[in-house]
């Protein structure tokens, strides 16, 4: 038996209010609805996804460009397969932020290209790239193509092929292909964790609290059957089982990932609160059955 004659009257009053069919039904429906909201796949803004892919590729490319002592000024020519210019513009931004080279100003580059009747016509060959570098008057140019750039509701892929040509030697000193994907970013384990991380913490805590409150109440017949055996080991196992379920559900709501000390503290709090409540409610269920 686990009856505690010194049970907190306030806790027993709360348990008595909860131990009603209509209250249990409403709470269960609320948990089901909120759980669906927490775990349902969400549509991602396609423009945001497109920007993420471009930024990921361009930042990697800017970091990979070799440092050439003979190159101090650099221009990024329009990339083939990039009609909107989003990849070319982001690549210039990333290279400028890296600070390795003095990048030709976009406006000045545009004026020079217009003077040569080139505008933003993509450069396809090494000879064209070297010729452009000589006409513009920079030490080197970066050119290339975007053979793949597709974005769907929750997935996308971007492939960028880049080369860097020196004006003085007329040779390509860098060539690399980059591919970035965001395949079904809201599917699978990683997608589920991403969804959980974006959900409001208050919503997750409320869902956990409702789950913890309901679990021993909806399984009250099991509690009565186990406590009727009058075995301390069985009672202890029952309380440990309920508490483990509470902690497991709390871990589920964190994506089974301890991202910060606060998450660890919340899981420990869930352990303590679950154990305390389960003991009290089991005592109440046993008392009420008499």
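The values are calculated or read from the model by the stated rules, or taken from the named source; none is laboratory data. These figures come from a predicted structure and were not determined experimentally. Neighbour counts are summed over all protein chains in view; Cβ atoms, including those assigned to glycine, are modelled from backbone coordinates with ideal geometry.
With a requirement of 2 or more residues that are at pLDDT 70 or above, the helices (runs of 4 or more DSSP H) lying completely within region 1-113 that satisfy it span 21-39, 46-64, 86-98. Between 157, 194, the distinction of being surrounded by 14 or more Cβ atoms within 10 Å (Cβ to Cβ), touching a strand residue (DSSP E or B) at 6+ places or on another chain (Cβ under 6 Å) and either assigned by TED's automatic domain parsing to the domain that holds residue 63 or modelled with pLDDT under 90 (or both) belongs to 157 only.
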